[in-house]
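Scroll down for the structure; my scribbles are underneath it.
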Amino acid sequence: MREMQDYDAGYCGNGLVSFRAESYIEPRHAADGQAGTVLKSYREHLLSRDDAFLRRNYPKIKNILRYCMLRDGNFDGVIEDEQHNTYDINFYGANPMIGTLYLAALLAGEKMAQEMGDTEFAEQCRKTFESGSKLTLERMWDGEYFYQPATPETEGKEWQYIRACLSDQLFGQGWARQLGLGNLFPQQYVTTALASVWKYNWTPDVGPHNDANRPRRWFARAGDAGLFICTWPKTPRPGFRNEVVYRNEVWTGIEYQVAGNMIYDGLVTEGLSICKGVHDRHDGRKHNPFNEVECGDHYARAMAGWGCLLALCGFYYHGPKGVIAFAPRVQEENFASFFSGAEGWGLYSQKDEGGRRKVVLDIRYGTVRLSELRLDGKGVRAAGLQISVNGQVGSANVTEKDGMIVLSGDEAIPFPAGTKIEVSLPLA
């Protein structure tokens, strides 16, 4: 999909990826999709067995990101021009939805440039990111959440979200976490903003809000729980055409995106509550559980639900480097989930008993190349760690970094189906 659509059918020589590819006679820019293409490119690299995909496509990926940077204009990390987006409208001026996607794309660009030996571009991405992160806090933070400020660029423009709490305000932060890129802002701002989305945009019953602010399309009805796209908790609602167009609707794709971000951040109850609201609505009686309609039937945005699984597992994977990481956010004392890699998949489990945590990486299909296994260090100690492969005592270099216990070897080893890697750690 990346190569046939984003780097071919929709690709323009200046780096623009025209949204909906060749369906328009003239190329069209979507700011969220442009940054998203960079992020998806890095994801595809992480999910590959080697660096062939990135090496083959890096010149175009770099050009795609440079197009974002040229829309930024002065390379300060804040895009302020016209920004068409998934709400079928244009945003104008600085705003956190497009802004965080751009910041995450810069971090992904830095990583890809480093792996390709493009030091100069990596440094440019880092410098632009650091400026954008700082300016976003200065211009768009109100103490509780990130908002779109009124600026000369927004003057007289329809469908903006001035001073509002947008559920998508940290869209790029969710991407960054899935890709192992870290935080776009200091931790306290991220946690506070997500808690504010829960406080101001989530409701266990959409009925009263729907009575006061009728949605264009009804994806949730009285008695249903849901996450509204946009609210104005601190200012009067500015009026019909001065509010982001789908403000009163409930989209599962946004709900899953926000829920996954919350789970990564430790707001597990809140994230799972949003997921339960989706599942209760789509229970087979009210709505089809296999078709979470948004714009149309079987709409792709609902696949953001996969991100909730990744968040619950605390899963990170870098196929070319042979890195796998797990840091479960629920039932840490007795957890299990499948995992998938570039060439194989299996079952991961961890269980606490007898004063130790037993971790098992059970490869069920294909091959999993592994040079580094990272495990959550919370509640366990690295000292006294034991490792075995198919019952035979093994060895690894053991270090601790960023709250993770890292087991590494000198080179990536392909482990075939039927392999069980077991790690035993003393409980702290």
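The values are calculated or read from the model by the stated rules, or taken from the named source; none is laboratory data. All figures in this text were calculated on a predicted structure; none of them were measured in a lab. Every residue, glycine as well, gets a Cβ built from its backbone with ideal geometry; the counts of neighbours run over all protein chains shown.
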Legend entry - Residue that is surrounded by the most Cβ atoms within 10 Å (Cβ to Cβ) [pool: residues in the stretch 103-118 that are outside any loop (DSSP other than H, G, I, E, B) and more than 15 Å from the chain's Cα centre (by Cα)]: 109
Legend entry - Among the candidates 117, 182, 156, residue that is in the same structural domain as residue 86 (by TED's automatic domain parsing) and in contact with a helix residue (DSSP H, G or I) (Cβ under 9 Å, 6 or more places away or on another chain): 182
Inset, instruction - Please determine, by comparing only the residues of the stretch 367-397 that are in contact (Cβ under 8 Å) with a residue 40 or more places away in the chain and of a type in the set (A, V, I, L, M), which one is surrounded by the fewest Cβ atoms within 10 Å (Cβ to Cβ). - result: 383
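The rows are residues; the columns are (1) without any contact (Cβ under 8 Å) to a residue 40 or more places away in the chain; (2) among the hydroxyl-bearing types (Ser, Thr, Tyr); (3) within 18 Å of residue 360 (Cβ to Cβ).
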| residue | (1), (2), (3) |
| --- | --- |
| 301 | no, no, no |
| 310 | no, no, no |
| 317 | no, yes, yes |
| 322 | no, no, no |
| 331 | yes, no, yes |
Legend entry - Only one of 37, 100 that is without any contact (Cβ under 8 Å) to a residue 60 or more places away in the chain and assigned to a helix (DSSP H, G or I): 37
Legend entry - Inter-residue pairs, beta-carbon under 6 Å, first farther than 14 Å from residue 98 by Cβ and in the stretch 165-181, second assigned to a strand (DSSP E or B) and modelled with pLDDT of 95 or more, 6+ apart: 165/231; 167/227; 180/316
Legend entry - Given (1) out of contact with any helix residue (DSSP H, G or I) (no Cβ under 9 Å at 6 or more places or on another chain); (2) farther than 26 Å from residue 134 by Cβ; (3) at pLDDT 95 or above; (4) surrounded by fewer than 16 Cβ atoms within 10 Å (Cβ to Cβ), number of the condition residue 223 does not satisfy: (1)
Legend entry - Given (1) under 19 Å from residue 238 (Cβ atoms); (2) surrounded by fewer than 18 Cβ atoms within 10 Å (Cβ to Cβ), index of the condition residue 147 fails: (2)
Legend entry - Residue check for residue 41: polar (S, T, N, Q), under 24 Å from residue 317 (Cα atoms) and buried (at least 20 other Cβ atoms within 10 Å of the Cβ): yes
